[in-house]
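Have a look at the structure below before the remarks.
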């Protein structure tokens, strides 16, 4: 059996995969997961700092039956990268033949990681928000950019309020949207940003209470995307409903981790599991005055699915990529 594998670089990925493609395949993959057609163990973190290496990486495997795609996302943060002109977060995806284990492709995962991160709040907001007229972003880095980019393709947004410790970061963010159909407001405080927002999204590396419960109006959707605590416990405690993208990891990572450790949050606390909503197992039936808290933890199945789409497009179009022979 011929054993050849593609090595697909970042520029080829960007050439073949559009943001619209990413939104579409992420929503389908979430739905397939809700239908029980995806196998995905919880991610494993390898922290190398004890051995003198300033970095960590997550191993995130998945098998997606409708795509016949098996793979592993490797994504990590490397402290020395910025000094080398590289982004702190680096990602790659490995695809194998599900029936034989033969390597199909090694795919650069940076754009995939960024775009699928942005697709998640776009899909979740469409499902859960009662209104998207005013959206507040706390944190205006690259992940926030992709989040708004994806949201702007799928949602009616009139005003975007920005909160960041760096005014320069907010200015760079605004400059990325020169023809935006919405207005930007730079806020002097998180409270100012949150007060009348229909949707509040935290996209930071912080471990702090960036959003307080009294700032969240009735009917608002609050979404956290960071790896640590980003909103006060009361934002979660006083929410009418709690939504997550995946149950197992949501208890051990992100904003809900501490509440789970205190016993206040269990797997029975989640009112809305987004893949199950997309699978039609139940509907949201959103009430106008309900406040919903949602945690997006991120799952490797989305990256594996995106990489599989890239590989299929490359094969269909006959695009050039490095093809390496695994047997000499």
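The values are calculated or read from the model by the stated rules, or taken from the named source; none is laboratory data. All of these numbers come straight from a predicted model, not from anything done at the bench. Counting neighbours? That spans all protein chains shown, and the Cβs are built from the backbone with ideal geometry, glycine included.
Couple of notes before you dig in:
- Qualifying residue in segment 297-315 (condition: touching a residue at least 12 places away in the same chain (Cβ under 8 Å) and closer than 26 Å to residue 190 by Cβ): yes
- When 61, 87 are checked against the criterion of being assigned to a loop (DSSP other than H, G, I, E, B) and more than 18 Å from residue 316 (Cβ to Cβ), a single residue qualifies: 87.
- Answer from 235, 284 - the residue that is assigned by TED's automatic domain parsing to the domain that holds residue 138 and either within 16 Å of the chain's Cα centre (by Cα) or in a helix (DSSP H, G or I) (or both): 235
Residue-by-condition table, conditions (1) over 13 Å from the mean Cα position of the chain (by Cα); (2) surrounded by fewer than 23 Cβ atoms within 10 Å (Cβ to Cβ); (3) more than 25 Å from residue 21 (Cα to Cα):
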{"site": "84", "(1), (2), (3)": "yes, yes, yes"}
{"site": "88", "(1), (2), (3)": "yes, yes, yes"}
{"site": "96", "(1), (2), (3)": "yes, yes, no"}
{"site": "101", "(1), (2), (3)": "yes, yes, yes"}
{"site": "127", "(1), (2), (3)": "yes, yes, no"}
{"site": "137", "(1), (2), (3)": "yes, no, no"}
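- Among (1) under 21 Å from residue 26 (Cβ atoms); (2) within 17 Å of the chain's Cα centre (by Cα); (3) assigned to a helix (DSSP H, G or I), the one test that residue 256 misses: (1)
- Residue list for segment 209-232, restricted to those being within 22 Å of the chain's Cα centre (by Cα) and either without any contact (Cβ under 8 Å) to a residue 12 or more places away in the chain or not in a loop (DSSP other than H, G, I, E, B) (or both): 211, 221, 222, 223, 224, 231
- Residue among 55, 34 that alone is touching a residue at least 24 places away in the same chain (Cβ under 8 Å), in contact with a strand residue (DSSP E or B) (Cβ under 8 Å, 6 or more places away or on another chain) and surrounded by 17 or more Cβ atoms within 10 Å (Cβ to Cβ): 34
- Put simply, of 147, 152, 158 the only residue that is under 23 Å from residue 292 (Cβ atoms) and in contact with a helix residue (DSSP H, G or I) (Cβ under 6 Å, 6 or more places away or on another chain) is 147.
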